[in-house]
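Asker: A single structure is presented below for examination.
Every number in this text was worked out from the coordinates using simple rules, so none of it is lab data. As the structure is a prediction and not an experimental result, all values here were calculated from the model. All Cβ positions, glycine included, derive from the backbone under ideal geometry; neighbour counts span all protein chains shown.
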Amino acid sequence: MGISEFVEFEDTESIKQEHVVIIDGNNIANIVLYSNFLDDYANGDFRVLKIGLIQMMFDIIIRLKATRAVIAFDSGKNWRYEIFKEYKANRKKQYGRYTLDKKAFVEAINEVFDFLHTYMTNMMVIKVDNAEGDDIIAVGAKYIFNKENYDITVVSTDKDMYQLLMNSNVRIYNPRHSKYVEVLNPKMEHEIKLIIGDKNSDNIPGIKRMVGKVTAEKIIKSPDGLEGYINSLPTKLEQETVSKNYELNTLLIDFDYIRQDIVDDIKKKYKQYKYIPLDGKKLTKELMKRKLTGVYKKWNMLSEPLKRLK
């Protein structure tokens, strides 16, 4: 049981008629951010990050031999804050340890979104009000591209994505290690996370103090499961508290519980998206205008495989 080591995956024979690569844009931005010296950003100049972010996305799309590409970005607001105000509150503390202009960082990501959305017209570059990139990825994998002739690769280091592996046509690619991951029992891993929460990443506490992964696994495997565990707690108040905590964690973590209006908005965005053939000249002119010379210099090598996207 559990998550295995990262595994190489080069089985292009199994790729079906369509290979959809869905990239977590904000996740890639953080990888690029922390791959450089953060003091380089102290003056608010994020040009190096913007070049690295665009370049990394293009490299991934080409390396994974995508026939279709989706890049999902977080919106400024998030519906999860409405049900849990402390959601991701630890992220502010994490950034606080570094000389980082958070506002300038967000503006840099938004600039990359605007550039890709405007000029990479043969791929989907999506942001939806009140939704996270996670929500866009989940809806795409579960409802939009969940077709017999589609393989889906989700590109992210976020372990919330592992629950999507319960769909047989989904794979997860870790861009930090440049490898696919294998989760031996995605359903079990997901159920464990609902019990122990995700304190380090999203500031989601577990259902009860001192209940870690080992205890959670025992609860799940026991004949009476979670319900039996809750009923065994000594007081009614404790039972109700743990039950409510589990309910909250399910709403925050489980993609089956994304708020319905958010799901509807994301589906609408996907279905109304219009593909336009890529205009390489227009794009390279904009790269130079924005001083994204690092990407411009490599465009001759990148252009052909990116133009084949549809």
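Asker: Quick check: pseudo-label points 7 Å beyond the Cα along Cα→Cβ at residue 174 and residue 48, how many nm apart are they?
Answerer: Modelled inter-label distance: 2.6 nm.
Asker: Please report 179, 268 as a ranked list, fewest other C-beta atoms within 10 angstrom at the top and most at the bottom.
Answerer: 268, 179
Asker: For labels at residue 271 and residue 182 in the simple 7 Å Cα→Cβ model, what's the distance in nm?
Answerer: With each label placed 7 Å out from Cα toward Cβ, I get 3.8 nm.
Asker: Same structure, new question: Among 72, 296, 49, which residue has its Cα positioned farthest towards the positive end of the charge dipole of the chain, with +1 placed on the Cβ of Lys and Arg, -1 on the Cβ of Asp and Glu, and the dipole taken about the Cα centre?
Answerer: 296
Asker: Give the calculated FRET efficiency between residue 159 and residue 102 to the nearest 0.05, with a Förster radius of 25 Å applied to their Cβ-Cβ distance.
Answerer: 0.60
Asker: Rounded, prolate or oblate: which one fits the stretch 187-253, using the alpha carbon gyration tensor with axes a ≥ b ≥ c (rounded when a/c is under 1.5, else prolate when a/b beats b/c, else oblate)?
Answerer: oblate
Asker: Something else: What net charge is computed for the residues neighbouring residue 254, neighbours being all others with C-beta under 11 Å from the C-beta of residue 254, Lys and Arg scored +1, Asp and Glu -1?
Answerer: Details: positive: 193; negative: 160, 191, 247, 256.
Spelling it out: positives minus negatives among the neighbours equals -3.
Asker: Taking 35 Å as R0, compute the FRET efficiency from the Cβ-Cβ separation of residue 167 and residue 224 and round it to 0.05.
Answerer: 0.75
Asker: Return the distance in nm (one decimal) between the two label points of a simple spin-label model at residue 146 and residue 237, each offset 7 Å from Cα along Cα→Cβ.
Answerer: Going from the residue 146 label point to the residue 237 one covers 4.2 nm.
Asker: Also, quick follow-up: By how many nm would the segment from residue 65 to residue 36 lengthen if fully extended, with 0.36 nm per residue of separation less the alpha-carbon distance?
Answerer: 7.7 nm is the gain from fully extending residue 65 to residue 36.
Asker: Could you list, in their original order, any pairs among 50/102; 77/103; 289/310; 85/199; 50/298; 193/244 whose Cα atoms are separated by more than 18 Å?
Answerer: Beyond 18 Å between Cα atoms: 289/310.
Asker: Report the calculated FRET efficiency for residue 117 and residue 200 (r = Cβ-Cβ distance, R0 = 35 Å), to the nearest 0.05.
Answerer: 0.65
Asker: What value, in deg cm²/dmol to 500, does the helix sum -39500 (n - 2.57) over DSSP H runs of n ≥ 4 give at 222 nm once divided by the residues of the chain?
Answerer: Helices in the chain give a 222 nm mean residue ellipticity of -14000 deg cm²/dmol.
Asker: Taking only Cα atoms and a 10 Å spring cutoff, compute GNM fluctuations for the chain and point out the largest among 90, 185, 300.
Answerer: Maximum fluctuation in the GNM of the chain, among the listed residues, is at 300.
Asker: A further question on this structure: By DSSP, what percent of the beta bridges with both residues in the chain are antiparallel, rounded to the nearest 5?
Answerer: Here the antiparallel bridges make up roughly 25 percent for the chain.
Asker: Please tell me the relative contact order of the stretch 187-253 in percent, rounded to the nearest whole number, where contacts are Cα pairs under 8 Å and at least six residues apart.
Answerer: After rounding, I find 35 percent.
Asker: Per 0.36 nm of contour for each residue apart, how much would the distance between residue 291 and residue 18 grow if the chain were fully extended, relative to their Cα-Cα spacing?
Answerer: Difference between extended and current length: 94.9 nm.
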